[in-house]
Amino acid sequence: MRTQFMVDGFTPSENAHANMRWLVELAIKEVGCPADAITDLIVADEAHFGAAIHSLAPGLPYTNNENFAAVAKTIKLGVNADLKTSGIVLRDFIVNQALIALDKEWNVRSGEEQRFIYTVWHETAHALDATRQTAVRAAPESPVAPGQLFKVRHLAAFFTEVVLSEIAACRLSAFACSQPMLDLEMDSDRESIRRMLAGLREHTLAHHGDPDDLWRIAFEAAQTFWLPFVQYGKSIAHIAGNPQLRQALDLWADCPPEVETVFKDYVTLLNETFGVYPAAPSDFGDRLTALWVRMAAAYGFRFPEAATGDGVYWRWRTTPATEA
């Protein structure tokens, strides 16, 4: 495993490299990942995180916006002697805090402390999942379609792969998720969804017909309604993979009653998917997209499709009986 630090003002010692390798090798052992499946490990600070990713995969997009910023990423690199290999990039504070937290007993770690450890285990699980995928799942690397078009099916293909990848890694690393950590994650997810919905409402109320702004609203709305499937999919996978976790999902405040039915159907779909892993149901993408359509409709949004680019219409729903 090649190790590298990309951190301003830090000259890594041999001990620093050894600690980094020890941390990931422990994750490899506990997750059950083949030892040679991870060929590259880079620790980077915020300023160099993107450069670290691009040193392994030039131009590869990664999450970095006003709502979310990635702190870790596993990158599929290729095949070596029939084994699919990956590289992992971790933010520097994740490694530092994980090493500190590992000195504490499991039952006294806070949710935040366990999350640092879990992040390393989760990325290792992505590498394990990559070795198990016998079929290539073709998926776009960006939610934006060629030509900067807003296309519902392109977005659906992108997020379908995100969901499949995340639920696999979460279930494979679920034993490293503690109840305090899961509670922390779900609190964070509810707040993120609430914040994005509030931002979307504010954006639509301020819209006055500008076509470029309408394009931005279409993407913002579509991704806002995909977010619950990504984030709650992770929690559902954690619960499925770790029987010690509380078997309950609490939805965000003020969500329409239809959303509860959407999530009941989502849990059914994911449980079917867990049962056929590493494959997925042949109709997984279509069923997931149908749930997304229902989620958007619960808030009064729909996305008509057209050859030259899809559209967005909305009429905000505040309760099942009234609209704003």
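Please treat every number below as a calculation from the coordinates, not as lab data. These numbers were taken from a predicted model, which means no experiment stands behind them. Reconstructed Cβ throughout: ideal geometry from the backbone, glycine too, with neighbour counts over all protein chains shown.
Per-structure values
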| quantity | calculated |
| --- | --- |
| Trypsin sites (Lys or Arg not before Pro) lying in DSSP loop within segment 152-258, provided at most 16 other Cβ fall within 10 Å | Arg246 |
| Cleavage-rule hits, GluC sites (Glu not before Pro), segment 114-207, DSSP coil, Cβ neighbours within 10 Å at most 16 | Glu141 |
| Table column - 3J(HN,Hα) (Hz), segment 44-52, Karplus curve with 6.51, -1.76, 1.60, x for Gly and Pro | 9, 7, 4, 5, 10, 4, x, 5, 5 |
| Radius of gyration, Dmax [the chain; alpha carbons; angstrom] | 20.4, 65 |
| Convex hull of segment 152-323 built on C-alpha atoms - directionally averaged projected area, nm² | 10.3 |
| Degrees separating the helix 111-132 axis from the principal Cα axis of the chain, which is the longest one | 90 |
| Nearest 10 degrees, 0 to 90: helix 257-276 Cα axis against the chain principal axis | 40 |
| Cα-Cα separations in segment 217-282 greater than 17 Å, expressed as whole percent | 49 |
| Paramagnetic reach from Asn15 in segment 89-109 [backbone N under 18 Å; point 7 Å along Cα→Cβ] | 95-103 |
| For segment 5-25 versus segment 194-261, the gap between their alpha-carbon centres in whole angstrom | 37 |
| Cα-based radius of gyration of segment 69-118 once divided by 2.2 N^0.38 Å, which approximates compact folds | 1.48 |
| Computed Rg/Rh of segment 2-110, alpha carbon atoms with Kirkwood Rh | 0.97 |
| In order through segment 7-18: 3J(HN,Hα) via Karplus (6.51 cos²θ - 1.76 cosθ + 1.60), integer Hz, x for Gly, Pro | 10, 4, x, 10, 9, x, 8, 4, 5, 5, 5, 5 |
| Semi-axes of the equivalent ellipsoid for segment 118-170, Cα gyration tensor, largest first, Å | 25, 12, 8 |
| Share, in percent, of DSSP beta bridges within the chain that are antiparallel, nearest 5 | 55 |
| Under 28 Å, Cα to Cα: Lys pairs in the chain, sequence gap 8 or more or different chains | 17 |
| Amide hydrogen neighbours beyond the local backbone of Thr85, cut-off 5 Å, H modeled | Leu77, Gly78, Val79, Asn80 |
| Restricting segment 215-324 to GluC sites (Glu not before Pro) in coil, as DSSP defines it, with at most 15 other Cβ within 10 Å | Glu305 |
| Between 0 and 90°, nearest 10: helix 284-298 axis offset from the chain longest Cα axis | 50 |
| Rounded to whole Å, sorted largest first: equivalent-ellipsoid semi-axes of segment 154-219, Cα gyration tensor | 33, 18, 4 |
